[in-house]
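Each remark here refers to the structure printed beneath this line.
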Amino acid sequence: MTVPDLQKCKRDGRKIAVVTAYDALFARIVEQAGIDVILVGDSLGVVVQGKPNTLSVTMEEMLYHTRLVAGAAQRSLVIGDMPFLSYQVNREEAVRNAGRFLQAGAHAVKLEGGAAVADRVEAMANAGIPVIGHLGMTPQSVQLYGGYRVQGKGKDRAQQVLEDARALQAAGAAALVLEAIPAGLAKAVTEAMTIPTIGIGAGPHCDGQVLVLYDLLGLFDEFVPKFVKPYGHLKGDALQALCRYKDEVEKGLFPSDSESYH
């Protein structure tokens, strides 16, 4: 899968499946499932590091996880998520940090924001770096929003999302993530764009969908947004396996003769 392939999917009407992953093992499993795109998301700050939000995730941490995923993925498109303050300061720093993601093995980068970051998108695109935009609920602005809230409600705010989408496309963005916006607005943005849209909590009309892997598998249940559909319940399976292991160790049942060398 390449960036032009993603754009061809939109033209052909083929939906795009995107999942986050943060290590080599899960990257291999995700790819074996035929997932088109792996996003190395800064969501790792919450689901891997246990932080309340993504703001403390660093460039070095993102590059480390990107290298793990990119080294394991053979067919999926790998997108590196640019963390807070890695692109907001100025265009030069944004391009430099984006380039580091490609050096780590990513095929594209993702950043949050609309018209305010269009000059960064343009500078990256001019440097040969494919960029994915991110509009709607942008987690790096959680303090500004006062929490994780649906965005784009009301005529004025919906119009702003649409204008931001147009600004990013004009600047050279290769695709857009639309997070936590009304389904009707996501439909309007998708129809107005020539580049693909990837929804997360944005209804069924986007050109593709993305979910956090740990949410999808039922591993992370501390906070489950409305838009998450667990397709597995691995936390329960893991707890059951660990309890059985502990019980057998305490009773002297593990290791048995079959798990011992002679």
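Work through the residues other than Tyr145 whose Cβ is under 14 Å from its Cβ and net out their charges, Lys, Arg +1 and Asp, Glu -1. Working shown, then result.
Values: positive: Arg149, Lys153, Arg157; negative: Glu112, Glu179.
With Lys, Arg at +1 and Asp, Glu at -1, the net is +1.
Under 1.5 on a/c is rounded, so check that first for the chain, then, if it is not, pick prolate when a/b is larger than b/c and oblate when it is not; a ≥ b ≥ c are the square roots of the alpha carbon gyration tensor eigenvalues.
On the way: a/c = 1.96, a/b = 1.72, b/c = 1.14.
Prolate shape, in that a/c is at least 1.5 and a/b is the bigger ratio.
Simple spin-label model, 7 Å along Cα-to-Cβ: Val48 to Leu144 in nm?
2.6
Can you pick out the pairs among Lys8/Lys187; Lys10/Lys110; Lys8/Lys153; Lys51/Lys235; Lys153/Lys235; Lys15/Lys229 whose Cα atoms lie more than 27 Å from each other?
Numbers: Lys8/Lys187 19 Å; Lys10/Lys110 19 Å; Lys8/Lys153 31 Å; Lys51/Lys235 19 Å; Lys153/Lys235 34 Å; Lys15/Lys229 17 Å.
Beyond 27 Å between Cα atoms: Lys8/Lys153; Lys153/Lys235.
Of the peptides 45-53, 20-28, 254-262, how do they stack up when ordered by the mean number of other Cβ atoms within 10 Å, highest first?
On the way: 45-53: 15.3, 20-28: 20.3, 254-262: 7.2.
Taking the mean over residues of other Cβ atoms within 10 Å, the ranking is 20-28, 45-53, 254-262.
Below 8 Å, C-alpha to C-alpha, sequence gap of six or more: please give me the relative contact order for the chain in percent.
Worked out over the chain, it gives 16 percent.
Cα centroids of the range 215-238 and the range 84-127: how far apart, whole angstrom?
Using only Cα atoms to place each centre, the spacing works out to 31 Å.
A short reminder: the numbers here are calculations on the coordinates, not readings from a lab. Only a predicted model underlies this, so the values are computations on that prediction, with no experimental measurement involved. No Cβ is skipped: glycine too gets one built from the backbone with ideal geometry, and neighbour counts run over all protein chains shown.
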